[in-house]
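Participant: This is the structure I want to talk about, given as structure tokens.
The values are calculated or read from the model by the stated rules, or taken from the named source; none is laboratory data. Predicted model only: the values in this text are computed from it and were never measured. Using ideal geometry, Cβ is built from the backbone for each residue, glycine included, and neighbour counts are taken over all protein chains shown.
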């Protein structure tokens with residue numbers, strides 16, 4: 001099985017590196033299920049002061065990441081691996097969902113580009129973007145967190161990364177419904193018990209009960225998904 005390769009293009013690689021020193025993704029790197037490297041556009045700038053930003057043409061508050069450092073960085077990556085699939089994170093993009101994570105987990109090499117300042121010169125996106133994604137309707141100070149969100153979600157779907165791959169099938173968003181509530185021992189904690197049917201070992205009844213709970217939870221928290229789930233079953 002080939003290793004899944006993630007490249008982060010970021011002005012602040014140190015914001016991302018630490019995430020791969022703990023837990024599941026640390027093991028995934030050590031077991032050579034995924035590989036991670038970093039490219040800093042500042043290393044590619046031809047500006048004598050190492051600047052990577054410039055004012056917006058036509059006016060506007062703030063600065064943009066200028067094209068040359070990013071163009072040269074991404075061009076070098078594509079030259080080394082023409083199959084590299086380049087993804088930009090931006091609030092001005094389609095919403096990233098679980099099906100995207102599963103689909104992108106089949107790629108050989110993903111390049112995740114993190115913007116800073118007021119964003120990236122549009123010519124870079126037009127020249128190099130294979131896809132653009134947003135993780136939500138809000139603004140962050142930079143794209144590093146969004147790139148990490150994509151990498152984490154995608155990595156979980158790479159074969160061998162999770163110890164028990166069956167756990168993927170019962171998680172939220174694997175169907176149109178949210179995952180049902182779950183419980184662990186003790187059966188009673190400070191007066192709060194668990195659903196008695198869960199303790200009886202009748203897996204058919206437990207499955208039906210979880211299905212009902214999943215419907216209730218989805219209807220309350222995500223009525224948009226609930227409507228879709230009901231429609232899909234008809």
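Participant: Exactly one of (1) within 28 Å of residue 102 (Cα to Cα); (2) modelled with pLDDT of 85 or more; (3) surrounded by fewer than 13 Cβ atoms within 10 Å (Cβ to Cβ); (4) out of contact with any helix residue (DSSP H, G or I) (no Cβ under 9 Å at 6 or more places or on another chain) is unmet by residue 220. Its number?
Facilitator: (4)
Participant: Continuing with the same structure: Could you run through the range 176-193 and say how many residues are outside any strand (DSSP E or B) and more than 16 Å from residue 217 (Cβ to Cβ)? Before you say what the answer is, go through the steps one by one.
Facilitator: Let us first name the residues in the range 176-193 that are outside any strand (DSSP E or B), namely 176-187, 190-191.
In the following step, the residues that additionally are more than 16 Å from residue 217 (Cβ to Cβ) were identified as 184-187, 190-191.
Number satisfying all stated conditions: 6.
Participant: Sticking with this structure for a sec: Exactly one of these conditions fails for residue 108: (1) closer than 26 Å to residue 159 by Cβ; (2) in contact with a helix residue (DSSP H, G or I) (Cβ under 7 Å, 6 or more places away or on another chain). Give me its number.
Facilitator: All conditions are met except number (2).
Participant: Okay, moving on. How many residues are in contact with a helix residue (DSSP H, G or I) (Cβ under 7 Å, 6 or more places away or on another chain) and over 11 Å from residue 5 (Cβ atoms) when one looks only at the range 74-86?
Facilitator: Narrowing the range 74-86 to residues in contact with a helix residue (DSSP H, G or I) (Cβ under 7 Å, 6 or more places away or on another chain): 74, 84, 86.
Subset that is over 11 Å from residue 5 (Cβ atoms): 74, 86.
The total comes to 2.
Participant: Of all the residues that make up the range 28-49, how many are surrounded by fewer than 16 Cβ atoms within 10 Å (Cβ to Cβ) and in contact (Cβ under 8 Å) with a residue 60 or more places away in the chain?
Facilitator: Of the residues in the range 28-49, the ones surrounded by fewer than 16 Cβ atoms within 10 Å (Cβ to Cβ) are 30-32, 35, 37-38, 42-43, 46-49.
Filter again for in contact (Cβ under 8 Å) with a residue 60 or more places away in the chain, leaving 31.
Matching residues across the range 28-49 total 1.
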